[in-house]
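This report concerns only the one structure given below.
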Amino acid sequence: MEYFIELFLGGLTRGSIYALIALGYTMVYGIIQLINFAHGEIYMIGAFTALIVAGILSMLGWNPVAILIIASVIAVVYSASYGWTIEKLAYKPLRQAPRLSALISAIGMSMFLQYYVLLAQTSNFLPFPSLIPDFKFMEPIEHIVRSSEIVIYITTAIVMVFLTFLIKFTRIGKAMRATAQDRDMAMLVGIDVNKVISFTFIIGSATAAIGGVLVASHTGQINYYIGFIAGIKAFVAAVLGGIGSMPGAVLGSLVLGMSESFFTGYISSDYEDVFAFLFLVFTLIFRPSGILGRSDTDKV
Amino acid sequence: MEPILEVKELTKDFGGLRALDRIDLKVHRGQIVALIGPNGAGKTTFFNCITGIYQPTKGEMLISPGGKEKKSLNGLKPNHVTKSGLARTFQNIRLFQNMTVLENVMIGRHCRMHAGIPGAVFRNPATMREEKQVVEDSYRLLEKIGLEQYVNEYAKNLPYGAQRRLEIARAMATEPFMLLLDEPAAGMNVKETKELDDLIVQICHQEKISILLIEHDMKLVMSLSDLIYVVDYGKKIAEGTPEEIKNNPDVIKAYLGEEVDA
């Protein structure tokens with residue numbers, strides 16, 4: 001039974017991380033119908049930024065919690081500016097082009113960022129300091145769930161509530177929904193669509209960066225390639241939940257995280273990634289619009 | 001008095017096809033002006049040029065909301081055209097289907113609000129006040145248009161006539177000095193058309209918003225319009241009061257074809 005709980009909580013951790021990345025995928029898809037393959041790289045850049053900042057601050061002898069907060073803030077800002085720049089450079093010029101062009105541009109951007117970090121940093125795994133402290137009250141259950149995992153759950157929950165609120169109730173959220181539904185009409189009621197798209201990229205990237213920092217300090221190591229696999233998994237989760245739908249992204253991430261966790265725990269850990277992608281294949285065959293996605297009937 | 005909208009020699013080519021050929025048009029304050037013509041004459045293209053969806057090949061489009069300074073619409077993006085006070089509706093309904101009626105109208109107010117993104121995120125008091133004001137204004141506007149019973153319904157669940165009215169409400173929420181209505185009565189029954197007739201007159205007289213409309217329902221056009229322009233094959237073939245248009249041989253020819261001596 002304890003083993004089951006352990007796997008369940010492990011799945012929850014994976015799911016939360018996937019959710020933080022998948023939200024960005026799904027938001028961008030909702031607004032401009034583009035799979036932003038460079039999104040995983042934003043997550044990786046977030047982790048690297050945090051590592052660099054944390055390195056400098058710990059040399060100065062700051063306390064870990066302060067380092068965690070400052071490193072996260074800088075990582076979020078830096079990654080968000082990356083997201084903004086990527087959109088302006090690689091996607092905006094292709095907005096009127098066929099969708100495939102933008103998709104290829106996204107793949108190119110993803111590779112560019114990976115190899116840029118490879119050259120600018122290193123191809124080795126770098127140790128990441130565990131910035132999240134071990135809480136006192138967690139000690140009795142520390143063998144089942146670690147403090148860093150609790151922090152991941154709570155952060156993901158906060159981010160989700162914040163985004164839901166943002167989309168549902170604020171002016172920019174309304175503008176985002178309007179842009180997603182009919183971009184030309186949104187312009188005609190006076191919405192600056194370019195600003196809305198930029199904002200979406202900024203928010204999505206910031207979310208991914210939070211994920212990057214949390215995962216890095218949870219697993220304790222990073223390299224230039226972590227964004228790729230995490231990005232693909234989050235993409236699977238977003239498709240599973242119904243791409244374009246925010247609750248769908250979260251639900252899909254949790255489903256994927258849990259099933260991965262139980263699969264590796266009860267069957268075999270060697271086939272973990274195979275399992276995730278089999279999930280993608282079956283979703284696409286049997287329910288292409290995802291769990292919560294609406295099946296689009298074409299307009300006549 | 002200066003016209004509030006003045007279009008000079010507007011021309012639009014699509015490749016080798018001349019969709020609009022040197023069209024002149026003027027709208028004065030307080031007028032209801034109709035643009036009519038057979039299908040494919042270029043009426044919607046004309047609207048698309050004015051509202052910034054297409055860029056015209058040649059010609060000038062000037063507005064002067066205050067009757068003094070003139071401002072050119074050439075090269076403006078749709079959201080900037082809306083900001084300068086022109087709002088439009090579409091031939092086929094283009095509401096934000098998955099938003100409520102109130103939200104559709106509030107979206108229209110968007111361009112008149114001042115709060116930026118930080119305000120939207122951090123909800124400072126000024127933003128909250130503005131937000132509350134927008135909700136109140138939007139509700140009042142819906143009352144005027146007669147849609148208050150639908151406030152929290154999704155736009156897609158409204159009856160057809162109400163959806164058309166909501167499009168007009170959303171356009172009015174941007175506080176235009178002029179409304180461009182593209183076939184507002186399309187697909188409406190006799191009763192709905194009558195109500196629409198009253199609504200347009202009310203908007204023009206009480207709200208002091210001038211109206212330029214494309215319409216095929218001749219009864220509606222003749223009863224509403226102060227001035228009618230007729231286009232055919234991208235060219236303007238006539239302009240005048242409803243009386244003059246009714247008896248214009250060119251117009252009759254365009255609509256019914258030429259008489260052939262047997």
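The values are calculated or read from the model by the stated rules, or taken from the named source; none is laboratory data. Values in this document were obtained by computation on a predicted structure and should not be read as measured data. Here the Cβ is made from the backbone with ideal geometry for all residues, glycine too, and neighbour counts use every protein chain on show.
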Q: Can you tell me which residue within the stretch A:162-174, out of those that are more than 10 Å from chain B (Cβ to nearest Cβ) and farther than 17 Å from B:TYR154 by Cα, is nearest to the chain's Cα centre (by Cα)?
A: A:LEU163
Q. Quick one: would you say B:GLY59 is at pLDDT below 90 and of a type outside the set (Lys, Arg)?
A. no
Q) Tell me, which helices (runs of 4 or more DSSP H) wholly within the stretch A:1-93 include 1 or more residues that are in contact with a Pro (Cβ under 9 Å, 6 or more places away or on another chain)? A) A:39-59, A:64-86
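Of B:SER72, B:SER64, which residue is within 21 Å of B:ARG112 (Cβ to Cβ), more than 14 Å from chain A (Cβ to nearest Cβ) and surrounded by fewer than 18 Cβ atoms within 10 Å (Cβ to Cβ)?
From the options B:SER72, B:SER64, the qualifying one is B:SER64.
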Q: Please tell me if B:GLU143 is of a type in the set (Asp, Glu), part of a helix (DSSP H, G or I) and away from chain A (no Cβ under 14 Å).
A: yes
**Q.** Filtered residues of the stretch B:144-202 (kept if under 23 Å from A:GLN181 (Cα atoms), over 18 Å from the mean Cα position of the chain (by Cα) and of a type in the set (Val, Ile, Thr))
**A.** B:VAL151
Q: Please find, within the stretch B:166-179, the residue that is nearest to the other protein chains (Cβ to nearest Cβ) out of those that are in a loop (DSSP other than H, G, I, E, B) and not aromatic (Phe, Trp, Tyr).
A: B:THR174
Q: Considering only residues that are touching a Pro at 6+ places or on another chain (Cβ under 9 Å) and of a type in the set (Gly, Ala, Ser), look in the stretch B:33-60 and name the one that is surrounded by the most Cβ atoms within 10 Å (Cβ to Cβ).
A: B:ALA34
Q: State which residue pairs qualify: first residue within 13 Å of A:ASP273 (Cβ to Cβ) and inside the stretch A:230-243, second residue among the small types (Gly, Ala, Ser) and surrounded by fewer than 24 Cβ atoms within 10 Å (Cβ to Cβ) in any location, beta carbons under 7 Å apart, and separation of 6 or more residues or different chains.
A: A:LYS233/A:ALA276; A:VAL236/A:ALA276
Q | Hits in the stretch A:175-198 (condition: buried (at least 22 other Cβ atoms within 10 Å of the Cβ) and facing another protein chain (nearest Cβ under 7 Å)) | A | A:ALA175, A:ALA178, A:MET187, A:LEU188, A:VAL189, A:GLY190, A:ILE191
Q. So which of A:GLY204, A:GLY211, A:GLY220 ends up being buried (at least 20 other Cβ atoms within 10 Å of the Cβ) and either within 10 Å of chain B (Cβ to nearest Cβ) or more than 13 Å from A:ILE31 (Cα to Cα) (or both)?
A. A:GLY211
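Assess whether A:ILE202 counts as being more than 24 Å from B:HIS114 (Cβ to Cβ) and touching a helix residue (DSSP H, G or I) at 6+ places or on another chain (Cβ under 9 Å).
no
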Q. Among (1) over 29 Å from A:GLU2 (Cα atoms); (2) crowded, with 17+ Cβ neighbours inside 10 Å, which single condition is A:MET160 missing?
A. (1)
Q.
Regarding the stretch A:232-239, can at least one residue be identified that is within 11 Å of the chain's Cα centre (by Cα) and surrounded by fewer than 23 Cβ atoms within 10 Å (Cβ to Cβ)?
A. yes
